[in-house]
Amino acid sequence: MLDDLKFPGNNSIGPEEIEAASRVLKSGILSNFYGSWGDNFRGGIEVQSFEEEWSEYFSVKHSITMNSATGGLIAAVGAIGINPGDEVIVSPYTMTASASCVLVYGATPVFADIEPQTFNLDASSIEANITPKTKAIIVVHLAGQPADMGAIMEIARRKKILVIEDAAQSPGALYGDKFSGTIGDIGVFSLNCHKTIQTGEGGVCCTNNDELADRLRLIRNHGEAVVEEMGTSEKYGDIIGFNFRMGEIEAAIGREQLKKLDKLNSGRQEIASQFNEWFKDLPGLTIPYVSPVSTHVYYTYMMKIDSSKSGFKRCHLIKNLGARKIDFFEGYVEPLYMQPLYQRGWHKKTGRHYGEGLCPVAEKMYSEEVFYHTYLHNSLKDKHLRFIKDNVHDVWDKLE
Ligand SMILES: *Cc1c(COP(=O)(O)O)cnc(C)c1O
């Protein structure tokens, strides 16, 4: 039964992307960034066109492509002017770069706890962690579901601190009538090969603020070398530039991928509602929660298990499904402050307590409740989805 059921990998690359990449190769111009002030400071034709198209789709004033979302996050923290000793509130339950970007500037990540339904930062925990040193919040829209941006922006404006959104997993997800990644001061998207739309490696920063856009472009491309020529050395004298530039091939591919975003997201939403239907009555299983004010674009399908109701532990489920070649994963990530980076390195440099008990909800989600799969992409056929459904039900019955 497994033999004729090989699960295809996610592949959204088609003839359009091949044509786009060939167009760039034939031109011989694989990147057209110059590290001096002038038109080419902002990159080549594909990069600049991709940025315009991204801004139009997301209804945002400035889109600045990057080599990755990690580069984008580092640029965003630099752009808002974070300095050594400043505190930035971050999530413990996310990909590592959403917090480590703060350490690059010698500032202190302060971990707030998450909501047990969405796994996104809990606004009340954010508020409880604000001190006179707090300069910013980095909000993550985990698994494709926007965080509680209404409450978070209200706190941020009242306390006069800035908000960076890590929208790497949520391109196209709406909070109210706005796209996640366009609500805070800077939003960061990823285009790495695992994400809903991809260019192999890549990222985009969005902002409606002209000065932040200038600073992001300077940080992307060795800004300290051009502020003099640009005539802004007074205003932007603190800029430390990197090379976070995107190449022309990636940008050309990104332009095609962006056209597919709506369709890829609605495909994911259809598959998720199918799984919801199939899984919702399994004893002890909680299907993904979706807030009434937002849409979910299901980068991953995150569930919870209550062992007192299922009668078995999460690890047994994962192991049994694995034996049937179905990859479900448990825990998502260990709360980031338990990593060696914080345990062995930066607890000393920042003088903070990064220990167990810091974020009890995140710890519980990691150690007991959360499990997820990524079977949501358009290369999967109905027979694959049904195979997953049948086996989940079968394993659940047998373990119960
Ligand atoms: C993928 C991801 C990143 C990093 O993206 P890269 O483009 O690989 O640097 C950052 N944050 C989150 C939440 C992610 O999922």
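The values are calculated or read from the model by the stated rules, or taken from the named source; none is laboratory data. Keep in mind that this is a model prediction, so the values were computed, not measured. In this analysis, Cβ positions are derived from the backbone assuming ideal geometry, glycine residues included, and neighbour counts consider all displayed protein chains. Remember, those area values only see protein heavy atoms, side chains included, never the ligands or the DNA or RNA. Shrake-Rupley method; radii C 1.70, N 1.55, O 1.52, S 1.80 Å.
Summary of computed values
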item: Solvent exposure ordering (accessible area, 1.4 Å, most first) of HIS353, HIS377; result: HIS353, HIS377
item: Heavy atoms of VAL293: accessible area, 1.4 Å probe, square angstrom to 10; result: 80
item: Per residue accessible area of the stretch 28-80, 1.4 Å probe, in Å²; result: 40
item: Inter-probe distance in nm under a simple model that places probes 7 Å from Cα toward Cβ, at LEU385 and SER367; result: 3.7
item: Of THR131, THR199, THR70, the one that fluctuates the most in a GNM where the chain has Cα springs shorter than 10 Å; result: THR131
item: Enclosed volume per residue, in Å³, of the convex hull spanned by Cα atoms of the stretch 207-294; result: 189
item: Principal semi-axes in Å for the stretch 195-352 [√(5λ), Cα gyration tensor, largest first]; result: 42, 24, 15
item: Of all DSSP beta bridges in the stretch 125-223, antiparallel share, percent nearest 5; result: 45
item: Helical mean residue ellipticity (222 nm; -39500 (n - 2.57) per DSSP H run of 4+; nearest 500) of the chain; result: -11500 deg cm²/dmol
item: Space enclosed by the convex hull of the alpha-carbon atoms of the stretch 107-264, per residue, Å³; result: 138
item: Solvent accessible area, Å² - ILE18, 1.4 Å probe, full protein context; result: 110
item: Sequence of VAL139, VAL104 from largest to smallest accessible area, 1.4 Å probe; result: VAL104, VAL139
item: Whole-angstrom Cα spans of the stretch 302-376 along principal axes, big to small; result: 46, 26, 20
item: Antiparallel bridges, percent of DSSP beta bridges restricted to the chain (to nearest 5); result: 60
item: Most to least accessible of TRP54, TRP346, TRP278 (protein chains only, probe 1.4 Å); result: TRP346, TRP278, TRP54
item: Protection proxy ranking, peptides 181-194, 306-319, average beta carbon neighbours within 10 Å, highest first; result: 181-194, 306-319
item: Extension gain (nm, one decimal) between SER308 and LEU174, 0.36 nm per residue minus Cα-Cα; result: 44.8 nm
item: Cα-only Debye scattering, the stretch 212-261: base-10 log of I(q)/I(0) at q = 0.23 Å⁻¹; result: -0.77
item: Calculated log₁₀ intensity ratio I(q)/I(0) where the Debye formula runs over C-alpha points of the stretch 266-400, q = 0.14, 0.15, 0.16, 0.20 Å⁻¹; result: -0.72, -0.80, -0.87, -1.17
item: Cleavage-rule hits (trypsin sites (Lys or Arg not before Pro)) in the stretch 129-224: DSSP loop, at most 14 neighbouring Cβ within 10 angstrom; result: LYS133, LYS160
item: The stretch 306-360 and the stretch 261-279: distance between their alpha carbon centers, rounded to Å; result: 26
item: Whole-number percent relative contact order across the chain, with pairs defined as alpha carbons under 8 Å at least 6 apart; result: 20
item: Antiparallel bridge percentage (DSSP; both residues within the stretch 1-153; nearest 5); result: 10
item: Residues of type lysines that LYS61 reaches as a straight line, Cα spacing below 27 Å, ignoring anything fewer than 8 places off in the same chain; result: LYS135, LYS159, LYS160, LYS178, LYS195, LYS235, LYS259, LYS260, LYS263
item: ³J(HN,Hα) computed for each position of the stretch 230-243 - Karplus, 6.51 cos²θ - 1.76 cosθ + 1.60, integer Hz, glycine/proline x; result: 6, x, 10, 5, 6, 5, 10, x, 8, 5, 10, x, 10, 10
item: Debye log10 I(q)/I(0) for the chain, one point scatterer per Cα, at q = 0.08, 0.13 Å⁻¹; result: -0.44, -1.12
item: Whole-angstrom Cα spans of the stretch 245-307 along principal axes, big to small; result: 51, 22, 22
item: Rule-of-thumb Rg ratio for the stretch 1-119 [Cα; 2.2 N^0.38 Å; N residues]; result: 1.48
item: The stretch 20-78-the stretch 183-201 distance, computed between alpha-carbon centres (Å); result: 13
item: For the stretch 240-319: relative contact order, % (alpha-carbon pairs under 8 angstrom, 6 or more apart); result: 25
item: Full-stretch length increase - ALA128, ILE29 - with 0.36 nm per residue and alpha-carbon distance subtracted; result: 30.5 nm
item: Additional length obtainable on full extension of the chain from GLU56 to GLU154, 0.36 nm per residue less Cα span; result: 32.6 nm
item: Rg(Cα) / (2.2 N^0.38 Å) computed for the stretch 116-204, rounded to two decimals; result: 1.10
item: Per DSSP, loop GluC sites (Glu not before Pro) in the stretch 234-321 with at most 10 further Cβ within 10 Å; result: GLU234
